[in-house]
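K.L.:
Just dropping this structure here.
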Amino acid sequence: MILENRNILVKVLGCRSSLCEGEFIAGKLASMGANITDDFNTANLSAAVIVTCSVTSEADKKCRQIIRRARRILGDDGVLAVCGCWAERENFENAFGIDIIAGSRGKILIPNEIAGMLSNGKREFRDLRKISRENSWEELAIDYPVLHSRAFVKIQDGCDHFCTYCIIPFLRGKPVSRPERNILREIERLISNGCREIILTGIHLGLYGRDINTSLANLIAKISRVKNLARLRLGSLEPFSLDENLLRRLSECEIFCPHLHLPLQSGDDKILESMRRGYNSGEFLRICDNARKFLGEDIHISSDILVGFPGESDRAFQNTLQIMKSAKFGRVHVFPYSPRTGTLAAKFPEQIDPETKNSRTNHAIELGKDLFANYARKFLGSEIEILVEKSGANYAIGHSRHYLEVICNSGNLERNQIITLRAKTFSDARSDARSDARLEAEFISRN
């Protein structure tokens, strides 16, 4: 056990694909004997791995802050590895004290690089980005999630849609799909090790299979036949990917949890065209209606809203608010637009001033919280199942099949149990865009 008794920090920023990549790195380090933590206050850290995000300028800023913090805590001897989208994008002059850097590929090498440096007691700069731009699949399979209760399984990477505001296609490369047999093997292994819920993730999930002569619908049909899998979820799905074939397969999959995350971004047709999103507001609403027709009226449709895109007028913003209501969203994530150098939108005229952008962002956040509260309250008085993710002496927390966070009054429950509760009240916290609003419930039984 080359890393036995070594404390190693693994911190993940960004999307669920980043979470998958962080889980792989954490799992490999743990298999070498390391103690994995995500707490900067952990004593005697030997190394840190930061999985970065670059979706917004605020994400870039947060990455820089966390990397500098990690370097300070590690001191002169600790090994600092940084990977992901920010690392791929950064015009790198090592002002951060980074020892190992990898971008959209090359993460598979990080655990051994860390082990080597800690073993020989010598830090040396390794730039793994030189080998990271191949448009091939990097197999980052896990045996059991270290950082989370639910298992995120990455099945796709890359994007070629090139929305005018988005830098990610330039950082993640062309779309590439993971072989079906590898996905099924990983899921079977996760189940055998006690996982009950799988979340399929990708940068552009709907493109899965396009390059290997299959489809997301076909994959779901095969996963639905895997024995002892209790729950299946999808990560974020571009609206135009949700065709009737996929909806039909989802409706036939008994373990599919009725939640879809469909990013709207804007409810104004002119802005949607300028963003190059590939649909208009009417088409988006028809997609939502179709999802409810196949998957039931109670399906949770969550979304992303991008506020303050260049040229967004007051009328355009009001159109967005109206579509948010008409689509009957549950949870909504609201982000202010930030120009990304290298994208078309960064050069567009009519950039929105920060004060207007902030005001609209706050307005959309408040509406999103109202919509989520309206959706969650529909379940009050109902029996719901949760998968236990955290548990203490007198409480348990998990998510319902409809992706509502629920806390109950029964403790000392093992992680990954599925229990039945009765929803009693809704706690409508109003702290930030990702508020901890949740259902409160009473325990009924273990399943």
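The values are calculated or read from the model by the stated rules, or taken from the named source; none is laboratory data. Small disclaimer: the values here were computed from a predicted structure and weren't measured. In this analysis, Cβ positions are derived from the backbone assuming ideal geometry, glycine residues included, and neighbour counts consider all displayed protein chains. Protein only, heavy atoms only, side chains kept; ligands, DNA and RNA dropped before computing areas. Shrake-Rupley method; radii C 1.70, N 1.55, O 1.52, S 1.80 Å.
K.L.:
Accessible area per residue, 1.4 Å probe, Å², for the chain: what's the number? Could you put the intermediate results ahead of the total?
P.N.:
Values: 19130 Å² over 447 residues.
On a per-residue basis, the chain sits at 43 Å².
K.L.:
Next question, about the same structure. In percent, what relative contact order does the range 306-447 have, based on Cα pairs under 8 Å that are 6 or more apart in sequence?
P.N.:
On the way: 267 pairs, mean separation 28.5, N = 142.
Taking the mean separation of contacting Cα pairs over the length of the range 306-447, I get 20 percent.
K.L.:
Note the listed values [x] 60, 59, 45; [y] 61, 53, 36; [z] 74, 44, 43, then indicate which one is Cα extents along the principal axes in Å calculated from this particular structure.
P.N.:
[x]
K.L.:
Taking every pair of distinct Cα atoms and averaging 1/r, then inverting, what Kirkwood hydrodynamic radius in Å comes out for the range 74-165?
P.N.:
Working: mean 1/r = 0.0663 Å⁻¹.
Final number for the Kirkwood radius of the range 74-165 is 15.1 Å.
K.L.:
Please work out whether the range 291-364 counts as rounded, prolate or oblate from its C-alpha gyration tensor, where a ≥ b ≥ c are the square roots of the eigenvalues and a/c under 1.5 means rounded, while otherwise a/b larger than b/c means prolate and anything else oblate?
P.N.:
Working: a/c = 2.64, a/b = 2.01, b/c = 1.31.
Verdict is prolate for the range 291-364.
K.L.:
Any idea how far apart T42 and K174 come out in nm if each label point goes 7 Å out from Cα toward Cβ?
P.N.:
Going by the 7 Å Cα→Cβ label model, 3.9 nm.
K.L.:
Right, here's the next one. Please give the contour-minus-distance gain from N362 to S326: 0.36 nm per residue of separation, less the Cα-Cα distance, rounded to one decimal in nm.
P.N.:
On the way: separation 36, 0.36 × 36 = 12.96 nm, distance 1.95 nm.
Extending this stretch completely gives an extra 11.0 nm.
K.L.:
Let me make sure I get this right: for the range 106-229, a, b and c are the square roots of the gyration tensor eigenvalues over alpha carbons, sorted descending. Under 1.5 in a/c it's rounded, otherwise prolate if a/b > b/c, else oblate. Which is it? Could you put the intermediate results ahead of the total?
P.N.:
On the way: a/c = 2.36, a/b = 1.20, b/c = 1.96.
Note, shape of the range 106-229 comes out oblate.
K.L.:
Taking a ≥ b ≥ c as the square roots of the eigenvalues of the Cα gyration tensor of the range 1-41, is the shape rounded (a/c under 1.5), prolate (a/b larger than b/c) or oblate? If you can, show how the numbers build up before the last one.
P.N.:
Details: a/c = 4.72, a/b = 1.59, b/c = 2.97.
Verdict is oblate for the range 1-41.
K.L.:
Within the accessible area of the chain, what % is carbon and sulfur when the probe is 1.4 Å and the other protein chains stay in place? Mind showing how you got there, number by number?
P.N.:
On the way: 8450 of 19130 Å².
That share works out to 44 percent.
K.L.:
Next question. Can you give the longest run of the chain that contains no GluC sites (Glu not before Pro) sitting in a DSSP loop with at most 13 other Cβ atoms inside 10 Å? List each step's numbers first, then the result.
P.N.:
Details: sites that count: E4, E93, E124, E134, E139, E254, E297, E350, E414.
Result, exposed sites excluded: 140-253.
K.L.:
Could you pull out the pairs from K62/K390; K328/K378; K61/K390; K11/K61; K154/K270 whose alpha carbons sit more than 22 Å apart here?
P.N.:
Working: K62/K390 27 Å; K328/K378 12 Å; K61/K390 30 Å; K11/K61 15 Å; K154/K270 34 Å.
Pairs exceeding 22 Å: K62/K390; K61/K390; K154/K270.
K.L.:
Nearest 0.05, what FRET efficiency do R422 and N245 give at R0 = 51 Å with Cβ-Cβ as r? Mind dumping the intermediate values first?
P.N.:
Working: r = 37 Å, r/R0 = 0.72.
The computed FRET efficiency comes out at 0.85.
K.L.:
Take the Cβ-Cβ distance between C253 and Q318 as r, set R0 to 41 Å, and report the resulting FRET efficiency rounded to the nearest 0.05.
P.N.:
Working: r = 38 Å, r/R0 = 0.93.
FRET efficiency, C253 to Q318: 0.60.
K.L.:
Now a separate question. Nearest 5 percent is fine: what portion of the DSSP beta bridges confined to the chain is antiparallel? Don't skip to the end; give the middle numbers.
P.N.:
Values: 24 of 65 bridges.
Here the share of antiparallel DSSP bridges comes out near 35 percent.
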